[in-house]
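Below is one structure, written out as structure tokens, with a few remarks after it.
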Amino acid sequence: MTTPTTTEREDTRAWVLHPDIRGHEAARDADLALEEAISLAHALPGLNVVGSEVVRLPRPHPGMLFGKGKLEELKERMEANDVGLVLVDGPVSPVQQRNLEKALGVKLLDRTGLILEIFSERAATREGVLQVEMAALSYQRTRLVRAWTHLERQRGGLGFVGGPGETQIEADRRAIDEQLVRLRRQLDKVVKTRELHRASRAKVPFPIVALVGYTNAGKSTLFNRMTGAKVMAKDMLFATLDPTMRRIELPGGGPEVILSDTVGFISDLPTELVAAFRATLEEVLAADLIVHVRDISHPETEEQAEDVHAILDSLGVTEDTPQIEVWNKIDRLDPGAREAIVTRAARLDNVQALSAWTGEGMEALIEAITAGITEATHETTLTLGFDEGRKRAWLFEKGVVEGEEQGEDGFTLTVRWSARQQAQFEQL
């Protein structure tokens, strides 16, 4: 996928459509979904969103998505508003995309294509850039299916007269696959470098605290307040795409920790991106404590939290890793709702209500993180035989050994570790 530059997109007039399909079980409130889609569009520099609407459908038309009457109505609207790009908040098949672009006379992006465009704009590290390129190629590969108007045969390359060749689609798929292999090799090198950094961090006995949450929940604002760093923190979806890590000493004589800010999660994240960004989210798997940041002022905060839990489950995060839930953005609530949320949070275990923007509630959160880190580790005495060198090396590599004595039959080690590390050790 060739991504237009910001300059090329300058002042592109865009129209956002959210198809509301009747009877769709997973469907959320259509107006809120449209609002999120508009926020996605605003996250792409150079786009000027001049209009938006929910399109209610009894069922999607297989070839055009929308019915004939609706298409004529949309075409008039696009022409009247000089629209150059239509953004459809949902999946659009290659055939539908081609037919819609022809019928409406504009370029079209579906939800996956739009998110890929945003990711390609925002990726800052080498790993992020490579992951986006791979995701874009994987997406482009699916776009080749039936997207061509011609399937003429190319001449076979083996010298046989009239011999079978390959279709244009097959040639393009092969070119994409070769490029994917090249990118994967480059990514492997970058990931190995990252693993070395992670291994060096593992030897330093600092717990890792990972901030996770739905996109635009306020993770980067919280990260900045805790670290004094200047991570991009705007009221914009996907403001952070690459993990940012800082070693900090928690206030009030608290322990030193490594704080990690991660990419925001989103509902219906394209499968290409879930796979491509798995390495980015691996920092969460290494965490000793997960801080789940929620925008408690959002009308669909519960559904957003469910999306986050689902992605954490898919990553393999287990219940062994302690979690704190942060109900952020209480400053956006009216006084009555705000008091109710703060009171409710105080009654629940591992829940903190605060405003990362104003700083209200930060002291209580720091205390909770300090307690969570302290409770997250416990001391154990182990006895290992001389033939269990691999297990002993693993313990030292993780930096959990506090003392060791050698006896006639092996080693007696005093270790301080988390339940997650103990579970990993027991599987060795």
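The values are calculated or read from the model by the stated rules, or taken from the named source; none is laboratory data. In this text, all values refer to a predicted model and were calculated from it rather than measured experimentally. Here the Cβ is made from the backbone with ideal geometry for all residues, glycine too, and neighbour counts use every protein chain on show.
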Item checked: Sole residue being of a type in the set (V, I, T), within 28 Å of the chain's Cα centre (by Cα), surrounded by 18 or more Cβ atoms within 10 Å (Cβ to Cβ) and more than 25 Å from W417 (Cα to Cα), chosen from I330, I324 -> I330
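Take region 82-103 and flag every residue that is hydrophobic (A, V, I, L, M, F, W, C), within 21 Å of V50 (Cα to Cα) and surrounded by fewer than 20 Cβ atoms within 10 Å (Cβ to Cβ). Show your work before the answer.
First, pick out the residues of region 82-103 that are hydrophobic (A, V, I, L, M, F, W, C): 83, 85-88, 92, 95, 100, 103.
Next cut, within 21 Å of V50 (Cα to Cα) only: 83, 85-88, 100, 103.
Residue satisfying the conditions is A103 alone.
Considering only residues of region 225-262 that are in a loop (DSSP other than H, G, I, E, B) and of a type in the set (K, R), which is modelled with the highest pLDDT?
Checked region 225-262; the qualifying residue modelled with the highest pLDDT is K230.
Looking for something at pLDDT below 85, surrounded by 13 or more Cβ atoms within 10 Å (Cβ to Cβ) and either out of contact with any Asp or Glu (no Cβ under 7 Å at 6 or more places or on another chain) or β-branched (V, I, T) (or both) - is there at least one such residue anywhere in region 304-313?
Yes - at least one qualifying residue is present in region 304-313.
Could you please let me know if T370 is in the same structural domain as N216 (by TED's automatic domain parsing) and in a helix (DSSP H, G or I)? Steps first, please.
Values: in the same structural domain as N216 (by TED's automatic domain parsing): yes; in a helix (DSSP H, G or I): yes.
Spelling it out, T370 is indeed in the same structural domain as N216 (by TED's automatic domain parsing) and in a helix (DSSP H, G or I).
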Margin query: Out of the strands (runs of 3 or more DSSP E) lying entirely within region 33-141, which hold 3 or more residues that are over 21 Å from the mean Cα position of the chain (by Cα)?
Written below: 47-57
Notebook entry, point to check: Which pairs have Cβ atoms under 8 Å, sit 6 or more apart or on different chains, and link a residue in region 101-114 that is farther than 16 Å from E73 by Cβ to one that is of a type in the set (K, R) and surrounded by fewer than 22 Cβ atoms within 10 Å (Cβ to Cβ)?
Noted result: E101/K107
